[in-house]
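Presented below is the structure to which this report refers.
No lab work stands behind these numbers, since they all come straight from the coordinates. All figures in this text were calculated on a predicted structure; none of them were measured in a lab. Neighbour counts run over all protein chains shown; Cβ positions are idealised from the backbone, glycine included.
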Amino acid sequence: MPIFHSPLLFMAYFFSISVLLDNFGFMEKRTKGVVAAGHPQTAWAAIQILEQGGNAFDAAVAALLSTCVNEFCMSSLAGGFFANVLKADGTSLLFDAFCQTPIHKRPIEEVDFYPFTLDFGGTLEDFHIGMGSIGTPGTVAGLFAMHKHLCSLPFEELIQPALEIARKGTIVDSFQEFDYNVLQPMLKVHPESRKLFFREEGSRIVRDGEKIQFPLFADFLEILAKEGEDLFYKGEFAQKVAKDSKEKGGFLTLEDFEQYKAHITKPLGFTYRNHRILTNPLPSIGGSMIAVAMHYLENYKPSIVYSNRDKEHVERLLHVFSKMAATNHRTPEGLAGLLQDNGIISKQVDSKGFTQKRGNTTHFNIMDERGNAVSITSSNGEGAGYLAEGTQVMFNNMLGEAALLPNGFHSWTPNTRLSSMMSPTMVLNDQGKIDLVLGTGGAGRIPFAIMQVIHYFIDHKLPIEQAVHAPRVHLQEGIFNLEPGLMTKGLEKLCTYKEWENKAMYYGGVNSIAQLEKGNLDAVGDFRRNGVVMRCE
């Protein structure tokens with residue numbers, strides 16, 4: 001045992017031993033936790049941060065940054081997201097980092113705005129892209145807001161997994177291949193996206209198992225980490241995009257970037273059975289739709305036995321969907337009234353000054369051993385076909401979807417927060433502890449997919465794996481769609497229905513984490529959208 005006559009020598013010795021032990025793994029830094037995400041490398045990014053001792057929120061920032069690479073057409077620094085947060089001390093927060101309509105309009109004849117048609121496997125849908133389809137992005141502001149209020153590690157460390165993936169390459173999986181195929185018309189617009197996503201001299205889109213590298217995005221991330229969000233909203237990046245917008249037919253100005261703020265609020269909370277459910281509040285409508293649908297579900301005639309194989313189960317779900325179809329649940333004003341009239345909430349809700357949004361989305365959840373939990377849903381619409389020069393950042397097309405604008409394109413109200421169906425959700429037990437964290441992509445089907453998983457989990461008492469993969473239903477344009485495995489005998493007397501041959505991405509991808517007894521965590525990635533689960537143990 002060495003004898004030290006100098007405190008400095010002792011400190012140097014102690015430090016060298018600490019480093020040695022740490023390098024060989026004898027000093028534990030990692031934070032135990034679990035991730036349920038939409039892509040393996042998204043989950044991997046979160047795990048890298050947990051292994052460095054970061055909390056669930058550190059891991060969420062890293063995961064969200066990586067979705068901009070791994071799930072390019074679903075998530076972007078120039079898109080938006082919602083984060084439902086529950087801290088270990090019981091604090092509940094909702095981060096609204098979604099897109100905003102531009103402050104000023106311009107003559108329509110000057111606007112770059114044109115349609116393209118997507119083929120969702122036999123179902124055609126028209127969208128609009130171009131510079132005139134872009135709303136003010138919120139993702140970067142939301143990331144830095146989360147980092148400021150929730151994170152424990154420097155932002156420079158949180159970008160490292162995304163940097164590694166961007167430089168070494170992300171691997172395309174079968175779901176991403178499908179997505180890129182559907183979005184080919186948009187991906188062909190910009191030379192940089194053609195270079196990224198097409199092979200064999202532009203003759204075909206990338207395939208499952210192939211690699212895409214994003215070196216310019218990695219470079220931009222490094223600059224963003226050094227200069228902060230002002231680079232994106234006030235600096236060279238914002239100035240260049242504003243200039244392009246002015247010259248190429250967009251609505252965005254530097255003022256739009258400078259005035260954007262992420263909102264930190266409280267989630268919508270309501271009770272179901274003996275549970276407390278926390279979800280996305282108005283102005284977004286998805287969470288309120290979950291609340292109203294579950295109110296109808298709870299007040300349906302009671303069942304002695306819950307089984308997804310019985311006739312009553314299907315009739316119960318048909319009753320809920322039919323009630324929702326018959327009520328004014330598609331507008332924020334209508335939902336605000338339903339929430340109050342049915343006693344779901346007691347205070348007046350301000351439902352004005354926003355526009356609805358549906359679109360291409362991805363979702364992930366993270367929980368750590370300290371009791372922190374986060375549920376994030378992110379979207380970039382379909383993408384506008386515009387990439388900011390030298391960054392490989394694709395901008396959203398939030399103003400280019402007809403479903404948002406019943407009064408016609410360009411009827412949006414200036415300088416208002418866009419609403420969304422996106423509904424990152426948490427279920428708490430009667431002790432205020434987390435039972436379930438979940439969410440999904442899936443446009444207008446999002447709230448109903450989440451409602452059904454919660455129904456299976458609470459009422460049917462199914463383990464989370466079975467609750468997520470149990471057959472779902474959805475009522476669309478008067479047709480009651482059912483996944484296989486549900487009782488349909490006699491259903492033709494009640495409705496027009498269609499039984500699908502297989503479970504499908506149409507019904508969402510509800511990645512979920514459940515907390516079991518003694519704090520143990522169970523998780524599932526919905527196979528409908530190639531969901532994955534990873535653990536740090």
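With unit charges on the beta carbon (Lys/Arg positive, Asp/Glu negative), name the residue among LEU338, GLY130, ASN280 whose Cα is farthest towards the positive pole of the charge dipole of the chain.
The listed residue farthest towards the positive side: LEU338.
R0 = 30 Å: FRET efficiency of ARG167 with GLU201, Cβ-based, nearest 0.05?
0.75
Beta carbons within 10 angstrom, averaged per residue: use that to sort the peptides 214-221, 421-428, highest first.
Descending packing order for the listed peptides: 421-428, 214-221.
At LYS261 and LYS248, where each label point lies 7 Å from the Cα along Cα→Cβ, what is the point-to-point distance in nanometres?
A separation of 3.1 nm, rounded to one decimal place.
Please report the net charge: other residues with Cβ closer than 11 Å to the Cβ of ARG194, K and R +1, D and E -1.
+1
Starting from the Cα of ASP522, step 7 Å toward the Cβ, then list every residue of region 466-491 with an amide N under 20 Å from that point.
Residues 466-472 fall inside that zone.
With a cut-off of at most 13 other beta carbons within 10 Å, and DSSP calling the residue loop, which trypsin sites (Lys or Arg not before Pro) in region 443-505 qualify? Please list them.
Qualifying residues, ordered by number: LYS461, LYS489.
Just for the Cα atoms in region 400-516, what are the lengths along the principal axes, largest first, rounded to whole Å?
Here the spans come out as 46, 43, 22 Å, largest first.
Among DSSP beta bridges lying fully in the chain, give the percent that are antiparallel, nearest 5.
90
Percent antiparallel among DSSP beta bridges with both residues in region 356-484, to the nearest 5?
If I count the DSSP bridges inside region 356-484, around 95 percent turn out antiparallel.
Which entries of LYS32/LYS148; LYS148/LYS226; LYS87/LYS266; LYS168/LYS211; LYS105/LYS188; LYS32/LYS87 show an alpha-carbon separation above 18 angstrom in the structure shown?
LYS32/LYS148; LYS105/LYS188
Please sort 237-243, 77-83 by packing, taking for each peptide the average over its residues of neighbouring beta carbons within 10 angstrom, highest first.
Result, highest mean first: 77-83, 237-243.
Sticking with the crude label model, points 7 Å out along Cα→Cβ, report the distance from TYR306 to ASP341 in nm, one decimal please.
2.7
Using unit Cβ charges (K, R positive; D, E negative) and no other charged atoms, how large, in debye to the nearest 20, is the dipole of the chain about its Cα centre?
Computed about the Cα centre, the dipole is about 980 debye.
Using a simple spin-label model with points 7 Å from Cα along the Cα→Cβ vector, what separation in nm is obtained for ARG194 and ASP230?
Each label point lies 7 Å from its Cα, and together they span 3.9 nm.
With charges only on Cβ, +1 for K and R and -1 for D and E, what is the dipole size of region 98-183 about its Cα centre, in debye, rounded to 20?
Using only the charged Cβ atoms, the result is roughly 440 debye.
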